[in-house]
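Everything on this sheet refers to the single structure shown next.
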């Protein structure tokens, strides 16, 4: 590290991680969520059943040109690089805030700003879960750089005497784009409001620019509001039900906390601990308000986790925490606590490398492991191509699966055949394909990782399902999964009850 500046090492580290993401992007097929959002780009709309539209809109140019997973995945990789750059910039701004009005305090004891920025970037690179979002585009991949950009505008607010109209316009656009990315962007808006409230001497609610920003944000998210209005607000109803989960239990909160530490790493927490202990001596109100970019979404998701939640939902919050962790880690480095930092950093990077190898190897298959989640990433392309071929041979013009989580890959890789979901759950496929008409025939795909009995009977079933073929997916000489294909005729929908 002595031969390069901290900023150079930050760039080198990000480039190394980006190369790994780029390689993996070409080697692994789409996950269920990636395929689902890529289908957004094939079915452009003002909004969608489960998420706002930006995750589909941003992919549209590449999806219109190619079906290559690696090329389409350049979008999340670029967003991850931008997020890492913004983490570095926000770290420098927080460092400047701490020293700005206290030129005689901590000037000599606070580490150099570039070292703080490097530590923040390394903490993000060493966090396992963000690499998943750097390879696969999810709404959280979009919300992360937008949340950091809003945090940067919040820091700009604390530093300047007043916001210009340009500042308000940028803030409104960022808020609107965040709203087009994911509904949980509201938590980031609350954090921005907390920074405004922490500066009581600065007028904002009476400023024309503030209301101009609000109007701009509403205009940007108006497609989502319009689409939900004409669709009976189904997206909002779904998100409320999805966020509340099942029966609330404390054990789920404990599990959520443990999973979060495992997914994002103790290095970030160690850095934040040092920051709170040694660096939170000035500008307390502003710094605590800035910490709300992490605290507000994390606490809400933690409280909701009692009913069930997904670990990647907090990713934008952890990125917003990284600048504080970077300053704390640089402080710990200056205090000669370097062994702890080295152990945590190297340990987490080894975990990331093991994870990459685990994915490339196709996971673990043994009697001790009930299921292999990595098997879900292999075979869908071959299965989709075979399904399209069998459908053409047997003169059917549609395919079907029996659970919504299987529909996205089937629809993507067997495109342009319409895909029907043979379950009773309302989802986006009901808007794309509608209900399978009575008397209809389809090519049914059954995957061993989520196997179902053929739907044959008198109610919401086919008259007959004849097996046609099967396909084993082999990785390094091991069978990961199996696809079975059946020709199902005469869908009995007349007696179906919703």
- Item | the range 31-44 - residue that is touching a helix residue (DSSP H, G or I) at 6+ places or on another chain (Cβ under 7 Å), in contact (Cβ under 8 Å) with a residue 60 or more places away in the chain and surrounded by fewer than 23 Cβ atoms within 10 Å (Cβ to Cβ) and, of those, nearest to residue 218 (Cα to Cα) | 43
- Task: Go through the residues of the range 305-319 one by one and say whether even a single one is within 14 Å of residue 115 (Cβ to Cβ) and assigned by TED's automatic domain parsing to the domain that holds residue 183.
- Result: no
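Yes/no matrix, rows are residues, columns are (1) surrounded by fewer than 24 Cβ atoms within 10 Å (Cβ to Cβ); (2) out of contact with any helix residue (DSSP H, G or I) (no Cβ under 8 Å at 6 or more places or on another chain); (3) assigned to a helix (DSSP H, G or I); (4) assigned by TED's automatic domain parsing to the domain that holds residue 260:
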position: 131; (1), (2), (3), (4): yes, no, yes, yes
position: 137; (1), (2), (3), (4): no, no, no, yes
position: 143; (1), (2), (3), (4): no, no, yes, yes
position: 146; (1), (2), (3), (4): no, no, yes, yes
position: 177; (1), (2), (3), (4): yes, no, yes, yes
- Considering residues of the range 94-112 that are at pLDDT 55 or above and more than 19 Å from residue 286 (Cα to Cα) only, the residue surrounded by the most Cβ atoms within 10 Å (Cβ to Cβ): 111
- Message: Residues that are surrounded by fewer than 17 Cβ atoms within 10 Å (Cβ to Cβ): list the strands (runs of 3 or more DSSP E) wholly contained in the range 391-498 that include at least 3 such residues.
- Response: 461-475, 478-492
- Message: Based on this model, can you work out whether residue 122 counts as more than 24 Å from residue 273 (Cα to Cα) and buried (at least 22 other Cβ atoms within 10 Å of the Cβ)?
- Response: no
- Out of the range 293-311, which residues are closer than 14 Å to residue 254 by Cα and part of a helix (DSSP H, G or I)? 298, 299, 301, 302, 303, 304, 311
- Task: State all residues of the range 157-206 that are in contact (Cβ under 8 Å) with a residue 60 or more places away in the chain and over 19 Å from residue 298 (Cα atoms); if no residue qualifies, say none.
- Result: 158, 159, 177, 180, 197, 198, 199
- Query: Only one of 295, 344, 290 is modelled with pLDDT of 95 or more and under 18 Å from residue 129 (Cβ atoms); which?
  - Reply: 344
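The values are calculated or read from the model by the stated rules, or taken from the named source; none is laboratory data. Because the structure is predicted, anything quoted here is derived from the model rather than measured. When we count neighbours, we look across all protein chains shown, and the Cβ atoms used for this are built from the backbone with ideal geometry, even at glycine.
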